[in-house]
Every structure is written in structure tokens, then in C-alpha cells.
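In what follows, a structure is listed as C-alpha cells, so that the remarks can point back to it.
The values are calculated or read from the model by the stated rules, or taken from the named source; none is laboratory data. As the structure is a prediction and not an experimental result, all values here were calculated from the model. Quick reminder, even Gly has a Cβ in these numbers, built from the backbone with ideal geometry, and neighbours come from all protein chains shown. Heavy atoms of the whole protein, side chains included, go into the accessibility calculation; ligands, DNA and RNA do not. Shrake-Rupley method; radii C 1.70, N 1.55, O 1.52, S 1.80 Å.
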Amino acid sequence: MSSSSDAAPAPSGQSLWGGRFSAKPADIMQAINVSIGVDKRLWAQDLAGSRAHCRMLIAQGIITAEDGTAILEGLDTIEGEITSGSFPFRDQYEDIHMNVEARLAELIGEPSGRLHTARSRNDQVATDFRLWVRDACDRTIHQLQALQRALLARAEQHAGDLMPGFTHLQTAQPVTFGHHLMAYVEMAGRDASRFADARARMNENPLGSAALAGSPFPIDRHATAAELGFDRPMANSLDAVSDRDFALETLAAASICAGHLSRLAEEIVVWMTPMFGFVTLPDDLTTGSSIMPQKRNPDAAELVRAKTGRVLGAFVALSTVMKGLPLAYSKDMQEDKPPVFEAMDALDLALTAMTAMVGALRPNIDRMRAAAGTGYSTATDLADWLVRELNLPFRRAHHVTGAAVKRAEALGVDLAQLPIQELQSLEPGVTEAVYKVLTPEASCASRQSFGGTAPEQVRMRIAEWKLRLG
């Protein structure tokens, strides 16, 4: 069946909702209300939603095929204008939806007003924004996988190369550089799974919920859901137009991800200091100083570290916007897009920069190997040997080892250089065989438990991840 539109195209210069009002908005109202500068980024999603809605209206006999064809052709023209840079984005039309509708009216006249039948800007923006965030999740997952591949390649090169492992940033036990990098592969894997989970939950279609109560027209919401790649329509029209959980969940995943990137960035910053000297970055990923010519500053890593504030701040900002809103839609929700856009832009840049840095890192293997043996890093190996070979309770072995470290400190030697007589004075059963476990190489090689730092375990996990990523 054919129906008249619920919103006729407005004359040039008139608000599309101006029939109810006798005066134009005050300048301050226009300034605070307009959002086109932000939400024009939704143009592709807005056109996709409009096309799906139009085709559904045609199929259901709500508008004629002739009017529908004119609308679809007009939308194609608008897409061409936007991609070519000639589309007239205008503040007087507030947002991307009204800008598109106004331009469509200029292009095709009266049929344009029929496009808004059985929908509202409330379900329109909910659909557009959901589509944008869904695309952002897909993009971020691909970026995380690229970072994982870069980490895997570097970890495979250095699966057996030693470095000190730290707790409290104090030397703890020897690990391999490959094992250390693989920790970030695991983190990135969890990050990707969080974005995938968020994507799965958000993949429901708000379109057709109209302003808040649904539509009296015989619309087919399953058809628009299928065309837009959603799994199903949202089941409650109030929830559909007022929900921003999908954005909050994505920002939560982004905040955790940014935190992981910040941790790796911090390690790169520390490793690059001359006091550590574990890694260097090439000239194109560092900067110099305006006054100190010797400096090589890890600015890219520092900026990745700082981006975490923007991402976490976006989550807090949107949570604050949403926390006290009654159902269904309130204009507060216009403030949902700036934090999401800013956060995902920041995360996009941080992931790209970190992937480049990982691929370009040049580790100083000799320096890391030397550091792996400092700070009595094989003390736990001595305690484990005492338990395993002499059947000492671990607490007794811990005490003996602590005394051995204290004696080695007094003599200015490593545990591996502590004379056997000194060790036997602390525990008579100790034999020369103990020295076989007191090297960093032996320490790493012994850590054969699942997930341990033994090179064989590291290479096994690398192979599993390479198979998983394809």
C-alpha cells in the first residue's frame, strides 16, 4: 500500500521539524544543538540504513516502487557527493540524518519525504552508531592480530635468548626475551576476544523501533536486520533507542587494551634507557632533542602510553552521560559519539605505532644475557635443588638459600661463584652438582612446566598462536 510521508521535505533554510515552532532556534540553541561536525563520520552507515529501510518499505508496499527508486538513486548521488568532497554539510540541519534528508529533498523533491516513514531519528542514530562501532570492533581485532603477528615473529627469533625477569622491577628469575614478548601476545588475544564478544552482543538491529514505541506500519524488521548484517532485530523498542551498552562495552575493551599497550610502551621506554640498554629503536621511530644532540627519545612509546588517558577518559565520560537517563531517548545521548570516536581513533593510532615499534625493535642480546645473571637471579634454583636433591622442606631450603645470598653478597660474588665450603657450612649435604643449576641458561631450561619460560615451551606456544592466527 502507498502512504503519505510522516515528514514532508522542508523548504530551503527551514528546519525539518519546524512545523511545530513559529520561531527559529536562538543562536545559543543552534550552537549547543548542532552535531554535524561530529556525526558526519556516520555518513556511510546512515546511507546503508536508509537504503535498507527504503527497500523494506518498497517490499512491504508502504511506499511505491517509483518513489523508492527515486530515493535510492538520490542516496547514490549523495554518496558520490560525499566521497568526492562536494556534499554541502550544513549546520542548519543539525546532524548527518537531517543533512542527508535535506539534500535528498533538493535532489528528488516530494518522494524524499517518504523515506522517513516508520522510523525516527532515534532509531536511525542508534542504528548508525551501532554499525559504526561494529565496524570499529572489526578493525581493532584486525589490528590486534597484526600486533600479535609482529610479536610472534620477534618472539620466535629470540625464543632462547636470555633476559632478566622482574617483579617489583627488581631482578627475579631469568626468562627468555621470546617468553616476555609472548606475554603480550596472550594479552592481545584476550583484547581481541573482548572486542569480538562486544561485537556479538551489539549485533542486533534497532531500526524500526521508531521514536520509542515501534511503528503502526507493517514493517519487516527482520529484513532490514538481515540486509545490515545484524543477527536479529532488538526485541524492545524502548531499549533499542536508549541503549548505549554496545558503546560502553567497546570502550571498556578499549580501555583494557590501551592499558596493555601502555605496559609494553613503558617497558620499551625503560629498556631503551642507557642504564638498561636492552633495546634500541631506529631513527624513524624516535626523536632527538633540541638542545642535547646525543638523545634518542622513545616518543612513539611515550605517546602510546599517554593515549591510555584518552581512552579511559572516554569510558568515564560516556558512563557519566548515561548513568541517570530515564527511558527512552534524551538529548544527552548526542554526547555519546565524541568520546567513542576519540577513543577509537587514539587506540587505532596506538596499535599502529606499537606494531611498528615491535617490528623494528633491535634487542641487545649480550646486554640482556649479562643482566639475566645479576641480582642472584638463580636463588630460587638453589632452593629448588635443595628440595629436589636433599629432600629439604621448601621453607628450610628458602632459609638456606637466603643465607647463601647474604654470604655471596659479603664476598662480592655470584651464587655460582660461591665456594662449595660456604654452601656446605649452611647445609652439609650440598655437593658440586648444585653448580649445574646456578646458571641463567640452566634456570630457563628447567622451567618446563606448561606456560613456562623454557625455550621448548616458548616455541610450542608460538606455534600454537601461529596456527590460530593463520
Among all residue pairs at least 6 apart or on different chains, which show Cβ distances below 6 Å where the first residue, located in region 443-470, is within 22 Å of residue 372 (Cβ to Cβ) and the second is open to solvent by 60 Å² or more (accessible area, probe 1.4 Å)?
454/448; 462/156
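Among the candidates 128, 76, single out the residue that is part of a helix (DSSP H, G or I), in contact with a His (Cβ under 9 Å, 6 or more places away or on another chain) and not β-branched (Val, Ile, Thr). It would help to see each step written out before you state the result.
Values: 76 fails: in contact with a His (Cβ under 9 Å, 6 or more places away or on another chain).
None of the other options fit; the residue is 128.
Rundown of residues vs (1) in contact (Cβ under 8 Å) with a residue 40 or more places away in the chain; (2) of a type in the set (S, T, N, Q); (3) in contact with a Phe, Trp or Tyr (Cβ under 7 Å, 6 or more places away or on another chain); (4) not assigned by the TED database to the domain that holds residue 332, yes/no style:
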site: 105; (1), (2), (3), (4): yes, no, no, yes
site: 128; (1), (2), (3), (4): yes, no, no, no
site: 132; (1), (2), (3), (4): yes, no, no, no
site: 141; (1), (2), (3), (4): yes, no, yes, no
site: 146; (1), (2), (3), (4): yes, no, no, no
site: 150; (1), (2), (3), (4): yes, no, no, no
site: 153; (1), (2), (3), (4): yes, no, no, no
site: 157; (1), (2), (3), (4): no, yes, no, no
site: 161; (1), (2), (3), (4): yes, no, yes, no
Which of the following residues is open to solvent by 20 Å² or more (accessible area, probe 1.4 Å) and at pLDDT below 95: 51, 20?
20
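Yes/no matrix, rows are residues, columns are (1) under 30 Å from residue 144 (Cα atoms); (2) touching a Leu at 6+ places or on another chain (Cβ under 8 Å); (3) in the same structural domain as residue 152 (by the TED database):
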residue	(1), (2), (3)
385	no, no, no
398	no, no, no
421	no, no, no
428	no, no, no
438	no, yes, no
448	yes, no, no
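May I ask you to say which residue of 150, 70, 105, 155 is touching a strand residue (DSSP E or B) at 6+ places or on another chain (Cβ under 9 Å), part of a helix (DSSP H, G or I) and more than 29 Å from residue 244 (Cβ to Cβ)?
Details: 150 fails: touching a strand residue (DSSP E or B) at 6+ places or on another chain (Cβ under 9 Å); 70 fails: touching a strand residue (DSSP E or B) at 6+ places or on another chain (Cβ under 9 Å); 105 fails: touching a strand residue (DSSP E or B) at 6+ places or on another chain (Cβ under 9 Å).
So the residue among 150, 70, 105, 155 that is touching a strand residue (DSSP E or B) at 6+ places or on another chain (Cβ under 9 Å), part of a helix (DSSP H, G or I) and more than 29 Å from residue 244 (Cβ to Cβ) is 155.
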Out of the residues in region 201-231 that are open to solvent by 60 Å² or more (accessible area, probe 1.4 Å) and among the aliphatic types (A, V, I, L, M), which is nearest to residue 48 (Cα to Cα)?
226
Quick check, is residue 438 touching a residue at least 60 places away in the same chain (Cβ under 8 Å), farther than 18 Å from residue 154 by Cβ, touching an Asp or Glu at 6+ places or on another chain (Cβ under 9 Å) and surrounded by 18 or more Cβ atoms within 10 Å (Cβ to Cβ)?
yes
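Could you tell me whether residue 84 is farther than 13 Å from residue 112 by Cα and modelled with pLDDT of 95 or more? Walk me through how you get there before you give the answer.
Numbers: farther than 13 Å from residue 112 by Cα: yes; modelled with pLDDT of 95 or more: yes.
Against the criterion (farther than 13 Å from residue 112 by Cα and modelled with pLDDT of 95 or more), residue 84 qualifies.
Mind telling me which of the residues 348, 366 ends up being surrounded by fewer than 17 Cβ atoms within 10 Å (Cβ to Cβ), over 34 Å from the mean Cα position of the chain (by Cα), in the same structural domain as residue 146 (by the TED database) and over 24 Å from residue 34 (Cα atoms)?
Just a single option satisfies the conditions, and that option is 366.
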What single numbered condition from (1) under 30 Å from residue 371 (Cβ atoms); (2) at pLDDT 95 or above fails to hold for residue 168?
(2)
Qualifying positions in region 415-435 - surrounded by fewer than 17 Cβ atoms within 10 Å (Cβ to Cβ) and not in a helix (DSSP H, G or I)
419, 428, 429, 431
Restricted to region 264-302, and to residues that are at pLDDT below 95, touching a helix residue (DSSP H, G or I) at 6+ places or on another chain (Cβ under 7 Å) and in a helix (DSSP H, G or I), which residue is surrounded by the most Cβ atoms within 10 Å (Cβ to Cβ)?
301
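Got at least one residue in region 401-413 being open to solvent by less than 70 Å² (accessible area, probe 1.4 Å) and not in a helix (DSSP H, G or I)?
Taking region 401-413 first, the residues open to solvent by less than 70 Å² (accessible area, probe 1.4 Å) are 401-405, 408, 412-413.
Now restrict to residues that are not in a helix (DSSP H, G or I): 412-413.
Yes - at least one qualifying residue is present in region 401-413.
Give 139, 194, 190 a once-over and let me know the one that is buried (at least 19 other Cβ atoms within 10 Å of the Cβ) and part of a helix (DSSP H, G or I). Please lay out each step first, then the result.
Numbers: 139 fails: buried (at least 19 other Cβ atoms within 10 Å of the Cβ); 190 fails: buried (at least 19 other Cβ atoms within 10 Å of the Cβ).
Going through 139, 194, 190 in turn, the sole match is 194.
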All but one of (1) open to solvent by less than 10 Å² (accessible area, probe 1.4 Å); (2) in a helix (DSSP H, G or I); (3) in contact with a strand residue (DSSP E or B) (Cβ under 7 Å, 6 or more places away or on another chain) hold for residue 180; state the number of the condition that does not hold.
(1)
